[in-house]
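Down below is the structure, laid out as structure tokens.
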Amino acid sequence: MSSFEELGLSPEILSAVKALGFDVPFPIQEAIIPLLWSGSDVIGQAHTGTGKTAAFGIPILEIVDEKNLNIQALVLVPTRELAMQVADDITSYAKNTRKHALAIYGGQSIHAQIDALEDCPQIIVGTPGRILDHLERGSLHLKDVQCVVLDEADRMLDMGFIDDVERILQQSGRRQIAFFSATMPDEVRKLARRYMKKPREVLIESEDLNVKEIKQYFCQADHDTKLDALLKILHDKNVQRAIVFCRTKRTTFWLNESLRRRHENATAINGDLSQNQRDRAMEDFRSGHTRILVATDLAGRGLDIDGVTHIINYDVPEDPLTYFHRIGRTGRAGKTGTAVTIVSGDQSADFRAIETMADYKIERLEIGRLERSTYTPRHERQERFHEEARPRFNRTPYRHARHSRDPPLRGLRGQSGASIADLRP
């Protein structure tokens, strides 16, 4: 397949796709669009950045009848950020038609959403909990739904949404179903067997953890030099726009304040922020008003932001698969990107697990002598973190240098020779 014209798209959809700069379909689009358009149930497995939103969004628009003002397609997603993003993408493909998508998610006034539903969107993109709220209120009706899509199905399983998803599927009657997921755990396959009819499976690089478009590095630092390591990386001229991932919401607040105190143009996003705060943070980052986004894994899941040149793991993720989800925020849609992981002694075993899963060595980045930092934001002092974290969360709190020493960094040989100057996407 050499072009979208050969997929047989309607002139209105084709011109919108062309205007967005899409000339050649990606493999998942080439495989999925004809299947969904023909009415088949589909299981699509692909890592992030492969173009799967267009893979289901375009055929949904071809299926939807713009003269029918009832809801005809439902897309379920795990987070409100992804709901807004997918709805915006689908609406952009439909700009030359009278079809449009509406995002429905928690954290926003349900009454405002009820008002928006009166504009008769044919496509709903929403989180399972809020969709159920509307169904129970009678403000949302699925009797005319022809297609249901589960995007990031594995993440919805991780977040405990599968029961809600089943309740929604049971209320949607006879319809076409598509599941999209980076991984395909047994629970998701069982759900597919219960609700799908002879699904067609499409696997696009489902086990490709090498992420060839992304240059990967790691550097070593203990807890009281990690901040200086991060600053050295961010000061490189090649770092134009970066997402910095942390393990906890508390660390994102602390790190964001630390960067801002050092005159870095940063903003944080995590689940403790209000919806308006999250929207403002994302808009600032998308527009280029801020250069650095500090995020937790949950908040960063599914983000598709143009121009992200670097992913920096301030904390090594505990789950190796999360590493690949994180770095998939760069090097998207055929572009190149760079990922750097800062490895402290107590997280070195987690990093070795990533290399074991990837089956290759990540290159070591030499960043020179690091300065120790004793700075702690005024309102988020680590002493308070240390006192409060254990009784409130029953887990080991964020450890500052004044409270603990790191174990020695062992077993991280990697390839050597890279320097800060090599951080080109």
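Please treat every number below as a calculation from the coordinates, not as lab data. Please read these numbers as outputs of a predicted model, since none were measured by experiment.
Shape index of the stretch 88-244: Rg/Rh, with Rg the Cα radius of gyration and Rh the Kirkwood radius from the inverse mean 1/r over Cα pairs, equals 1.08.
Ellipsoid fit via the Cα gyration tensor, the stretch 4-204: semi-axes of 23, 21, 15 Å, each the root of five times an eigenvalue, largest first.
Cα centroid separation, the stretch 1-67 to the stretch 122-175: 22 Å.
Only lysines eight or more places from LYS335 in sequence, or on another chain, were considered; those with a Cα closer than 17 Å are LYS52, LYS212, LYS215. Listed by chain and number, the lysines whose C-alpha is less than 18 Å from the C-alpha of LYS249, apart from same-chain residues fewer than 8 away, are LYS226.
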